[in-house]
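Remarks on the structure that follows.
The values are calculated or read from the model by the stated rules, or taken from the named source; none is laboratory data. Given the structure is predicted, the values throughout are model-derived calculations rather than measurements. FYI the Cβ positions are ideal-geometry reconstructions off the backbone, even for glycines, and counts take in every protein chain you see. Each accessible area value is taken on the protein alone, full model and side chains, heavy atoms only, with ligands, DNA and RNA left out. Shrake-Rupley method; radii C 1.70, N 1.55, O 1.52, S 1.80 Å.
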Amino acid sequence: MDMMQKVTEELAALKKALERDPHNAMVLTRLGNIYMDAGMHDRALSYYTSALDAEPGNVDVRTDMGTCLRQMGRPAEALKAFEESLSRDPNHWKSWFNIGVVSMYDLADYDRALTAFAKVHDLNPGGFDMDAVRAEIDRLKSEKPGKTAGSPS
């Protein structure tokens, strides 16, 4: 069985499960993930939103939603989703990581990126190379200056 057939069968099974229980957060999340992986961000966002309606405290789904929003070119909304995750779980390293990514690449807020990546490093010691982050920020700064401490927003 090829990959496309497997995905098609999984989609059919998940949609059947939704017919039985339209508020099943696990099924809604899985559908969001499938559509996100397929690059169908509008659909993914819809499923993530429904999953959060069913289970508002799920920081993993909210972080996935933020990643989806970033992919859609909506970094400010993505940042809000990651911040909301952190309001529920201040040690959710994936949200901190994504704040770092959005701050560094989308918003050119390098100080905030460094702060976020330092938090990831603290929460996940040994799994993160801060020197590489600093080097990437230096490279980005040389291409376009960003926000630093004391600079206007």
Calc'd 3J(HN,Hα), the range 105-115, phi into Karplus 6.51 cos²θ - 1.76 cosθ + 1.60 (θ = phi - 60°), Hz, glycine/Pro = x, comes to 8, 9, 10, 6, 9, 5, 5, 5, 4, 4, 4
The ³J(HN,Hα) series, computed from each phi in the range 60-69 with the Karplus coefficients 6.51, -1.76 and 1.60 at θ = phi - 60°, rounded to the nearest Hz and given as x for glycine or proline, is 5, 5, 5, 5, 4, 4, x, 5, 4, 4
SASA check, Val101, accessible area w/ 1.4 Å probe, all protein chains in place, rounded to nearest 10 Å², comes out at 20 Å²
Rounded to whole angstrom, the alpha-carbon centroid of the range 51-94 lies from that of the range 122-142 at a distance of 22 Å
Taking the range 1-126, the whole-percent share of alpha-carbon pairs separated by over 26 angstrom is 28 percent
Karplus-derived 3J(HN,Hα) from phi for the range 74-90 (6.51 cos²θ - 1.76 cosθ + 1.60, θ = phi - 60°), whole Hz, x at Gly and Pro, runs 10, x, 5, 5, 4, 4, 4, 5, 5, 5, 5, 4, 5, 5, 8, 8, x
Count of lysine pairs, the chain, Cα-Cα under 26 Å, sep. 8 or more residues or interchain, comes to 13
Per the charge dipole of the range 27-100 (beta-carbon charges, Lys/Arg positive, Asp/Glu negative, Cα centre), the residue among Cys68, Leu28, His92 reaching farthest to the positive end is Cys68
Expressed as a whole-number percentage, the relative contact order of the chain with C-alpha contacts under 8 angstrom and at least six residues apart is 13 percent
Given a 1.4 Å probe, the accessible area of the chain per residue, as a whole number of Å², is 57 Å²
For the Ala76, Met26 Cβ pair and Förster radius 35 Å, calculated FRET efficiency rounded to 0.05 is 0.75
